[in-house]
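The values are calculated or read from the model by the stated rules, or taken from the named source; none is laboratory data. Keep in mind that what you see is a predicted model, and the values were worked out from it rather than measured. Heads up, the Cβs are rebuilt from the backbone with ideal geometry, glycines too, and the neighbour counts pull from every protein chain shown.
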Amino acid sequence: MLIAMSWLLDLGCTGPLKEENVNGQRTLNKDDLRTSRMGTDRVRIPVQQGESALLATASVDAPNTIHVRSLTSPDGEEVFRSAEWNDSPYTKTNAGFIATTVTLNWPILASDIPLTEGTWTLELGVVDENTRFTASDYSLDVLFKEDADWTSGVLDVALIYTDGLDADADVMQAVQAAKEMWRDLYATAGIEIRTSEFAFDGEQLGPPAFDDEPAFIDISADTPISTINVVLSEWIEGYADVLGISGDIPGPLVPTARSAVQLGVRLAAGTDGTFDEEETRILAETMAHETAHYLGLFHPVEREGWDEYDVLEDTPECNNESQCITRLQSNLMFPFPVCPALRCVRQEELTDEQQAVLNRYTGVN
Ligand SMILES: [Zn+2]
């Protein structure tokens with residue numbers, strides 16, 4: 001009897017996820033997981049020696065929503081607990097907030113408990129449209145990277161032209177110039193950008209942040225798994241005054257309806273419709289800013305109320321617009337371009353802690 005029980009326990013320890021190697025990257029996944037009647041599920045994640053970061057993406061069908069409740073190390077230490085952040089003015093990740101697709105990268109900060117070999121436990125929770133916990137099917141994908149160097153890495157980016165923009169010579173020229181500026185900007189964080197370019201010939205796309213544009217599933221499935229999809233569109237549908245939008249913070253690497261960054265290049269080109277030098281630089285900064293959201297960075301301060309902040313200790317705090325502009329206007333992650341006179345302020349600075357977050361993202365290898 002004892003032997004049978006220990007055999008059963010061992011069987012349980014293998015974990016329920018299916019292991020696959022996709023383009024040299026170890027992944028675990030299962031698309032028919034189910035939460036208990038209490039609405040939660042705990043999934044064992046076997047981390048192998050040498051693996052330094054993981055990216056877990058969980059999805060449910062609307063109207064249900066899912067979130068990461070906690071992540072526990074092999075020692076039984078709860079290294080992340082979403083409830084801790086519910087009423088906080090600081091934001092560390094969107095993974096703890098309910099959505100139809102959520103993504104957690106771990107570690108996030110240099111001060112986080114590092115990933116170590118052994119069995120980690122990810123706890124997920126699903127709620128219905130009345131935010132009541134509910135039993136629900138859900139899917140989970142976990143990707144790993146092996147990269148012990150937190151000061152440098154390579155990021156693969158696919159630039160995807162939509163709305164026929166690949167036939168617009170002015171846009172193409174501006175994007176090529178902006179790409180080089182973006183490359184220089186990320187080099188200051190030790191990140192080398194490797195780009196590929198595609199044209200998408202489908203209909204106008206909705207933005208990726210709401211998990212309701214299925215075309216991003218197909219676009220993401222057509223590029224290698226570790227690639228960030230930067231989609232160039234004429235405008236961001238429904239957000240004509242927004243330069244760019246990120247699928248999530250951090251964003252997923254597996255194909256989902258959120259697996260893209262989208263930029264509206266007509267707004268970036270200004271009222272005359274052509275890119276001057278400054279507009280090209282702002283396009284570059286927008287590419288860098290939105291992709292940095294995707295890699296896990298929040299604005300150092302949010303413009304609604306000037307009272308919500310990123311969790312980083314080396315991005316200064318401030319309490320009103322003029323103070324925040326004074327202290328943070330040169331930071332890449334400031335919420336908007338600052339153009340006091342004829343020129344806009346260059347927004348290229350990344351603090352040490354911001355650079356540390358970017359280098360911890362599982363897609364930066
Ligand atoms: Zn932003």
Could you say whether any residue in the range 43-54 is surrounded by fewer than 21 Cβ atoms within 10 Å (Cβ to Cβ), under 21 Å from the mean Cα position of the chain (by Cα) and among the charged types (D, E, K, R)? yes
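Looking for something among the hydroxyl-bearing types (Ser, Thr, Tyr), in contact with a Lys or Arg (Cβ under 7 Å, 6 or more places away or on another chain) and surrounded by fewer than 17 Cβ atoms within 10 Å (Cβ to Cβ) - is there at least one such residue anywhere in the range 352-364?
No - not one qualifying residue is present in the range 352-364.
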Exercise. Does the range 327-345 contain at least one residue that is in a helix (DSSP H, G or I) and crowded, with 16+ Cβ neighbours inside 10 Å?
Worked result: yes
- Is it the case that the range 316-330 has a residue that's within 16 Å of the ligand (Cβ to nearest atom) and touching an Asp or Glu at 6+ places or on another chain (Cβ under 7 Å)? yes
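So for the range 220-230 (the condition being assigned by TED's automatic domain parsing to the domain that holds Leu283, more than 27 Å from Phe336 (Cα to Cα), in a helix (DSSP H, G or I) and aliphatic (A, V, I, L, M)), does at least one residue qualify? Before you say what the answer is, go through the steps one by one.
Within the range 220-230, the first condition is being assigned by TED's automatic domain parsing to the domain that holds Leu283, and the residues that meet it are 220-230.
Add one more test, that the residue is more than 27 Å from Phe336 (Cα to Cα), and what stays is 220-226.
Those still in the list that are in a helix (DSSP H, G or I) too: 220-221.
From the residues that got through so far, the ones that are aliphatic (A, V, I, L, M) too are 221.
Yes, there is a match, as at least one residue in the range 220-230 is assigned by TED's automatic domain parsing to the domain that holds Leu283, more than 27 Å from Phe336 (Cα to Cα), in a helix (DSSP H, G or I) and aliphatic (A, V, I, L, M).
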Please indicate, with yes or no, whether at least one residue in the range 269-286 is outside any helix (DSSP H, G or I) and under 24 Å from the mean Cα position of the chain (by Cα).
no
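Filter the range 182-191 down to the residues that are farther than 20 Å from Met172 by Cβ and surrounded by 13 or more Cβ atoms within 10 Å (Cβ to Cβ) and list them by number. Outline the logic, then answer.
The first filter runs over the range 182-191 and keeps only residues farther than 20 Å from Met172 by Cβ, leaving 185-191.
Once the filter is applied, which keeps residues that are farther than 20 Å from Met172 by Cβ and surrounded by 13 or more Cβ atoms within 10 Å (Cβ to Cβ), the range 182-191 yields Leu185, Tyr186, Ala189, Gly190, Ile191.
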When (1) more than 19 Å from Val254 (Cβ to Cβ); (2) among the small types (Gly, Ala, Ser); (3) surrounded by fewer than 23 Cβ atoms within 10 Å (Cβ to Cβ); (4) modelled with pLDDT of 95 or more are applied to Ala178, the one that fails is (3)
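Could you go through the range 314-322 and let me know if any residue there is in contact (Cβ under 8 Å) with a residue 24 or more places away in the chain, out of contact with any Leu (no Cβ under 8 Å at 6 or more places or on another chain), closer than 20 Å to Gly190 by Cβ and surrounded by fewer than 22 Cβ atoms within 10 Å (Cβ to Cβ). Quick ask: steps written out before the conclusion?
Applying the first criterion (in contact (Cβ under 8 Å) with a residue 24 or more places away in the chain) to the range 314-322 yields 314-315.
Restricting the remaining residues to those that are out of contact with any Leu (no Cβ under 8 Å at 6 or more places or on another chain) gives 314.
This time we only want the ones that are closer than 20 Å to Gly190 by Cβ, so: 314.
Add one more test, that the residue is surrounded by fewer than 22 Cβ atoms within 10 Å (Cβ to Cβ), and what stays is 314.
Within the range 314-322 (the criterion being in contact (Cβ under 8 Å) with a residue 24 or more places away in the chain, out of contact with any Leu (no Cβ under 8 Å at 6 or more places or on another chain), closer than 20 Å to Gly190 by Cβ and surrounded by fewer than 22 Cβ atoms within 10 Å (Cβ to Cβ)), the answer is yes, since at least one residue qualifies.
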With respect to Arg303, determine if the residue is more than 24 Å from Ser233 (Cα to Cα), within 13 Å of the ligand (Cβ to nearest atom) and either at pLDDT 95 or above or assigned to a helix (DSSP H, G or I) (or both). yes
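Table: residues versus (1) within 20 Å of Leu109 (Cβ to Cβ); (2) in contact with a Phe, Trp or Tyr (Cβ under 9 Å, 6 or more places away or on another chain).
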| position | (1), (2) |
| --- | --- |
| Ala284 | no, yes |
| Phe298 | yes, yes |
| Trp306 | no, no |
| Glu313 | yes, no |
| Asn320 | no, yes |
How many residues of the range 224-282 are away from the ligand (no atom under 16 Å from the Cβ), of a type in the set (Val, Ile, Thr) and over 26 Å from Ala99 (Cβ atoms)? The answer is 4
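Quick grid of which residues meet (1) under 29 Å from Phe275 (Cα atoms); (2) among the hydrophobic types (A, V, I, L, M, F, W, C):
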| position | (1), (2) |
| --- | --- |
| Tyr294 | yes, no |
| Pro300 | yes, no |
| Phe334 | yes, yes |
| Cys344 | yes, yes |
| Thr362 | no, no |
